[in-house]
Amino acid sequence: MEYIVERDKIYVENERGNVIAEVTFPQTGSGVQTIDHTYVDSSLRGQGVAGELVKRAVETIKANGNEVRATCSYAIKWLSENKESNI
């Protein structure tokens with residue numbers, strides 16, 4: 001699976017170019033990016049894709065030199081279960 005990484009979004013496309021999984025993390029303040037949306041198509045659920053997206057989002061946010069925050073319920077849960085990934 002190829003994850004496409006941008007400054008504030010990571011996503012996966014199918015062979016037709018449709019987004020089938022994504023996480024978004026816009027800049028929401030000075031030095032802060034907030035994970036606000038996670039989506040995984042039903043065909044990919046249960047395979048750890050959402051967790052991988054959030055993990056990669058945290059890594060990207062840190063690489064951008066920013067603090068990680070979350071409003072997405074899945075990301076909030078993931079961050080609480082993976083405290084070593086939290087800033």
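The values are calculated or read from the model by the stated rules, or taken from the named source; none is laboratory data. Fair warning: this is a prediction, and the values are worked out from it, not measured in the lab. Cβ coordinates were reconstructed from backbone atoms using ideal geometry, including for glycine residues, and neighbour counts include every protein chain displayed.
Please tell me if G51 is surrounded by fewer than 20 Cβ atoms within 10 Å (Cβ to Cβ) and within 11 Å of the chain's Cα centre (by Cα). Considered against the rule, which asks whether it is surrounded by fewer than 20 Cβ atoms within 10 Å (Cβ to Cβ) and within 11 Å of the chain's Cα centre (by Cα), G51 comes out as yes.
Entry remark, the range 44-73: residues being among the hydroxyl-bearing types (S, T, Y) and under 17 Å from D8 (Cα atoms) number 2 in total. For the range 31-55, filtering for residues that are on the phi < 0 side of the Ramachandran plot and either in a loop (DSSP other than H, G, I, E, B) or touching a residue at least 40 places away in the same chain (Cβ under 8 Å) (or both) leaves 8. With the requirement that a residue be out of contact with any helix residue (DSSP H, G or I) (no Cβ under 9 Å at 6 or more places or on another chain), surrounded by 10 or more Cβ atoms within 10 Å (Cβ to Cβ) and either in contact (Cβ under 8 Å) with a residue 12 or more places away in the chain or outside any strand (DSSP E or B) (or both), what does the range 15-30 give you? Within the range 15-30, V19, P26, Q27, T28 meet the criteria.
Out of curiosity, is E81 touching an Asp or Glu at 6+ places or on another chain (Cβ under 9 Å) and free of Cβ contacts under 8 Å to residues at least 24 places away in the same chain? Spelling it out, it is not the case that E81 is touching an Asp or Glu at 6+ places or on another chain (Cβ under 9 Å) and free of Cβ contacts under 8 Å to residues at least 24 places away in the same chain.
Pull up the range 69-87, narrow it to residues that are within 17 Å of G29 (Cβ to Cβ) and modelled with pLDDT of 95 or more, then point me to the one that is surrounded by the most Cβ atoms within 10 Å (Cβ to Cβ). Among those that are within 17 Å of G29 (Cβ to Cβ) and modelled with pLDDT of 95 or more, it is A75.
Checked against (1) among the aliphatic types (A, V, I, L, M); (2) surrounded by fewer than 12 Cβ atoms within 10 Å (Cβ to Cβ); (3) more than 21 Å from N82 (Cβ to Cβ), A63 meets all criteria but (3).
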